[in-house]
Amino acid sequence: MSIQKIDNVTRRNFIGGVFSASALVIAADLLPQAAWADTAEYHGKAASAALKPSLYLGLEPDGTVYIVTHRSEMGTGIRTTLPLIAADEMEADWSKVKIEQAIGDATYGDQNTDGSKSIRGFFVPFRQAGAAARLMLTQAAAAQWKVPVSECSAMNHEVTHQPSGKKLGYGALAVAAGKLPAPKPEDLKLKSRSEWRYIGHNAKDPKSIADLKDITSGKAIFGMDAKVPNMVYASVERPPVMGGKVQSFDDKAALQVKGVSQTVSIPPFQAPYTFQPLGGVAVVANSTWAAFQGRKQLKVEWNNGEHASHDSERYKAELLDTAKKPGKVVRNVGDVDAAFAKGGKIVEASYYVPLLAHATMEPPVAIAEFKNGKVEAWVPTQNPQAVQDTVAKALGIKVEDVTCHVTLLGGGFGRKSKPDYVAEAALISKSVGKPVKVVWTREDDIKFDYYHAVAGMYHKASMDDKGKVTGWLHRSVFPSISSMNDEKALYGFNVEYGMGLNDMPFDIPNHRAENGPAKAHVRIGWLRSVANIYHVFSGLSFADELAHAAGRDSLEYQLELLGSGKILDLKPQLNGQEYWNYGEKIEQYPFDTRRLRKVLEIAGEKSGWGKRKPGNGWGMGVAFARSFTSYVASVVEVEVDKAGKIRIPKTYMVVDAGTVVNPERAVSQFEGAAAFGASIALTGEISLADGRVRQSNFHDYPVARINQAPIQTDVHIVESEELPGGIGEPGVPPFVPAFANAVFAATGKRVRELPFSKAKLV
Amino acid sequence: MIKLKVNGRERSFDGDPEMPLLWYLRDELAMTGTKFGCGAGLCGACTVHRNGEAIRSCSTKMKDVAGKAITTIEGLSPNGDHPLQKAWAQANVPQCGYCQTGQIMQAAALLKKNKKPSDKDIEDGMAGNICRCGTYQRIRAAIKTAAKEMA
């Protein structure tokens with residue numbers, strides 16, 4: 001079993017489970033070893049191995065390599081892909097690699113598995129970990145043979161003395177290597193690309209994901225499956241309106257339910273809402289079912305507070321209205337007003353994307369045990385360090401007194417980086433005096449999410465008599481994620497702007513991007529590809545509208561809008577704001593529109609773009625985006641029948657994500673992104689009336705099923721030696737407008753408001 | 001007292017007959033391969049077999065499995081090597097993996113009835129099972145692979 005039985009994980013004892021003096025901590029940005037040694041009990045076999053050249057790697061005398069993944073597995077394959085990097089550099093035999101999941105600990109560096117940044121952030125440290133092990137093993141062999149290190153080389157788990165042909169296995173060298181002084185990072189010789197055996201080679205020689213067999217046989221342990229001794233179960237009744245408080249409650253009937261032992265009040269959050277629990281009343285029982293049944297019998301009177309009159313229809317009208325008015329300028333090129341004043345053809349359109357829920361297949365769930373002033377938690381979380389912080393704050397204990405074990409995640413998409421549900425479990429456990437498992441129902445998940453922001457957008461453009469765009473205005477209005485930390489926030493911030501608002505890559509002389517004010521009435525969070533969803537949907541739908549207005553082919557027109565290709569210099573255009581660039585330095589990860597041109601051109605070739613005349617219920621659409629430093633073009637083919645029912649027989653995704661470590665898993669992520677995009681476009685909508693979320697489960701918040709998702713998605717990964725880019729998210733942004741553009745091509749109906757299910761297509 | 005068979009073994013249950021089978025499997029038998037996804041028969045993550053037919057264990061009460069034979073993912077094959085499980089591995093189907101046991105149980109019931117399902121049969125047979133990661137095209141391919149092997 002990949003994730004060890006929970007009680008084993010927690011109680012196991014390691015012999016010499018602390019760093020030895022020879023331990024080397026490679027990544028310069030990591031804390032020294034002492035911080036890790038304190039909690040070695042939880043740090044697994046890599047930490048106690050004979051050779052441990054890095055936080056992320058250990059080798060035992062039996063030849064077993066332990067590689068630590070400190071990032072969370074929610075379906076991207078990261079638990080396999082990061083170890084592949086270290087194993088390749090180490091020249092390890094993959095069949096001897098065992099993967100260990102790290103607990104939450106700042107010593108590992110950033111563990112917040114979001115933003116499609118695991119490989120971007122840890123490609124180098126994992127290479128260095130492997131290379132250090134390889135060097136130390138080679139040195140140990142050379143010393144044993146009393147020959148120069150330069151005569152020895154390491155390959156596939158053994159070191160060979162080239163002149164004599166003598167060989168020593170890695171296992172036999174582990175102890176001796178462990179006693180050697182650690183190499184300095186500058187002494188490490190990383191393998192050249194041509195020497196890679198795993199990195200980039202997985203398409204031809206797929207390495208199954210680490211948990212494959214456990215998953216298909218039902219043995220994999222997700223958060224929902226974890227169990228600890230003496231555990232009780234809890235289900236929480238939360239305020240139906242965000243910010244609401246319990247006025248009074250009657251638990252008499254709930255306590256009559258067989259198996260229910262008690263109820264526990266959870267205090268409401270102190271604004272701003274951050275990652276705190278929403279508050280409410282928990283019903284504690286000896287089984288999940290009893291907790292659910294007891295909760296149904298609770299009678300709670302709520303004080304609903306200021307958001308009780310919130311209504312999505314009215315709010316939508318406000319957003320679209322605000323988007324028609326001047327907002328805060330977040331990017332300016334040339335003079336748009338002057339371009340518009342010159343006349344020519346003017347095109348304008350408003351777009352709308354509603355609130356969206358994550359709807360991970362595994363609803364939020366957490367186990368926490370409060371004991372002797374400390375908390376131990378077992379959680380499907382994207383962000384175990386945020387679990388530590390949030391639980392510590394909620395209980396008034398120290399961060400280091402919270403231990404967070406990370407299980408497999410049944411989907412994340414951004415929801416599980418917010419640990420409100422873990423704080424619930426910890427608070428209840430403190431009250432009950434036992435470990436508590438809080439299980440969210442699907443209804444809880446849909447009604448109490450951190451929703452993807454609803455957005456209203458307005459685009460206006462002018463074009464000359466040749467159809468060339470002379471000016472483009474893009475306004476975007478949405479409740480910001482920053483409302484999480486500032487309930488009065490009205491405007492977005494550079495992270496949201498940098499996702500398709502202040503970095504629209506079109507080469508046009510006059511362009512202005514603006515952001516208008518909007519107040520949040522629900523918790524706002526990030527969902528797979530975040531603000532790109534609404535910015536790229538509106539921007540690339542509008543580009544398609546302009547192509548049609550100009551009487552031009554959309555793909556050709558999009559290429560023309562990009563210009564001949566260059567590295568964008570956004571900084572002077574952003575009113576003094578920094579361009580976010582997905583957290584990367586712009587020098588390292590420049591925004592290169594030549595790479596966008598290339599993926600678009602390939603998408604055209606692969607899809608046979610332009611070969612079949614659209615109309616009569618058949619059409620193709622195209623769009624592109626650079627997001628998370630990767631460049632992606634999507635072509636979507638649709639069929640719309642006489643009843644208006646949409647089918648997506650084929651989708652093409654062309655991806656330039658720089659160096660791709662695990663192409664096979666990358667392909668799977670883009671297949672998945674197409675399905676995720678289909679859900680957003682077809683049926684995704686959360687709406688509120690009287691401050692309450694209307695939807696509750698998959699019947700009224702449908703997500704794409706096997707007959708609604710693209711039937712076939714072909715993914716083409718562009719060969720590249722550039723730095724690695726994001727993989728998990730970048731497929732979503734271009735898919736949605738490509739889909740909308742395809743629907744237009746098939747039906748002549750321009751869908752400017754999502755989801756399509758509300759539009760009349762025939 | 002409700003008597004039933006789970007993966008060939010006789011079991012008896014004397015709790016709430018209204019409780020869904022899902023929670024009996026998960027909380028009492030610790031068979032956690034059967035997943036909780038929606039609690040309303042809408043997503044298929046909890047799919048098991050009752051006398052060989054696919055059912056949603058989240059919305060099947062204990063009183064409705066009295067005297068029945070239940071098969072869960074843990075009992076589908078002795079070593080996790082049912083042709084579908086092998087085909088799933090060959091196609092690297094899972095992403096997060098949470099829904100996949102339900103998908104496999106649904107597909108197993110489908111192949112029992114229909115040895116050579118067409119694309120349309122697969123779509124109709126699998127439309128009740130949601131995969132939020134969007135592994136559908138690989139599920140489709142894996143079912144075809146398994147059908148071939150079983151033929």
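Annotations
- A 1.4 Å probe run over chain A, with the rest of the protein chains in place, finds 35 Å² accessible per residue.
- Cα-projected label distance for A:Ser95 with A:Leu723, points at 7 Å along beta-carbon direction, nm: 3.8
- Annotation for the A:B interface, with buried accessible surface near 4500 Å², both sides summed [1.4 Å probe; non-protein components not counted].
- With R₀ fixed at 30 Å, the C-beta to C-beta distance from A:Asp486 to A:Glu348 puts the FRET efficiency at about 0.40.
- Per-selection Kirkwood Rh - the range B:83-150 (Cα, Å, 1 d.p.): 11.5
- Loop-located chymotrypsin sites (Phe, Trp or Tyr not before Pro) in the range A:728-758 (DSSP state not H, G, I, E or B) with no more than 12 neighbouring Cβ atoms inside 10 Å do not occur.
- Remark: the range A:643-648, residue by residue, has Karplus-estimated 3J(HN,Hα) of 8, x, 7, 9, 10, 10 Hz, where x stands for each Gly or Pro and the curve is 6.51 cos²θ - 1.76 cosθ + 1.60 at θ = phi - 60°.
- Tensor-based shape of the range A:633-690 (alpha-carbon gyration tensor, a/c under 1.5 rounded, otherwise prolate or oblate): oblate
- Highest-fluctuation residue, B:Glu53, B:Glu18, B:Glu74 considered, GNM on chain B with Cα pairs under 10 Å: B:Glu18
- Backbone HN-Hα couplings from phi across the range A:602-618 [Karplus 6.51/-1.76/1.60, Hz, Gly and Pro as x]: 5, 4, x, 5, 4, 8, x, 3, x, 7, 10, 6, x, x, 6, x, 10
- The share of accessible area on chain A that comes from carbon and sulfur is 50 percent, using a 1.4 angstrom probe.
- The string of couplings for the range A:363-378 from the Karplus curve (6.51, -1.76, 1.60, θ = phi - 60°) is x, x, 7, 7, 10, 9, 10, 9, 8, 6, x, 10, 10, 10, 10, 10 Hz, one whole number per residue in order, with x for Gly and Pro.
- Dipole of the range B:83-150, positive end: most advanced residue of B:Ala147, B:Gly97, B:Ala127 [Cβ charges, Cα centre]: B:Ala147
- Over the residues of chain A, the helix contribution to mean residue ellipticity at 222 nm works out to -8500 deg cm²/dmol, using -39500 (n - 2.57) for each DSSP H run of at least 4.
- Taking a ≥ b ≥ c as the square roots of the eigenvalues of the alpha-carbon gyration tensor, the protein assembly as shown is classed rounded because a/c is under 1.5.
- Solvent-accessible area lost in complex, 40 Å² minimum, residues of the range B:77-125 relative to chain alone, 1.4 Å: B:Asn92, B:Pro94, B:Gln95, B:Cys96, B:Tyr98, B:Glu123
- Portion, in percent, of the accessible area of the range B:44-117 that falls on carbon or sulfur, probe 1.4 Å: 46
- At least 30 Å² accessible surface lost relative to isolated chain, residues of the range A:401-415 (1.4 Å probe): A:Phe413
- The modelled label-to-label distance for the pair A:Ser208/A:Lys613, using points 7 Å beyond Cα in the direction of Cβ, is 5.2 nm.
- In the context of the full set of protein chains, chain B has a per residue accessible area of 37 Å² (1.4 Å probe).
- Global geometry of the range A:194-346, whether rounded, prolate or oblate, following the gyration tensor of its Cα atoms and the 1.5 cut on a/c: oblate
- Distant-in-sequence amide contacts of A:His511, defined by a placed amide H-H separation under 5 Å and a gap of 5 or more residues or a different chain, comprise A:Val333, A:Gly334, A:Asp335, A:Val336, A:Trp472.
- The distance between label points at A:Glu556 and A:Arg594 comes to 2.5 nm (points 7 Å beyond Cα on the Cα→Cβ vector).
- Efficiency of FRET from Cβ geometry, A:Trp145 and A:Asp250, R₀ 60 Å, rounded to 0.05: 0.15
- Normalised alpha carbon radius of gyration of the range A:148-259 [divisor 2.2 N^0.38 Å]: 2.15
- Those residues of the range A:338-362 for which accessible area with every protein chain present is at least 20 Å² below the isolated value (1.4 Å probe): A:Met361
- Spatial extent of the range B:2-76: Rg and Dmax, with the Cα atoms as the point set, Å: 10.7, 29
- Averaging over all projection directions, the Cα-based convex hull of the range A:355-472 occupies 10.6 nm² in the image plane.
The values are calculated or read from the model by the stated rules, or taken from the named source; none is laboratory data. Just so it is clear, the structure is predicted and the values come from calculations on it, not from any experiment. Every residue, glycine among them, receives a Cβ derived from its backbone with ideal geometry; neighbour counts consider all protein chains shown. SASA here: full protein model, heavy atoms, side chains in, ligands and nucleic acids out. Shrake-Rupley method; radii C 1.70, N 1.55, O 1.52, S 1.80 Å.
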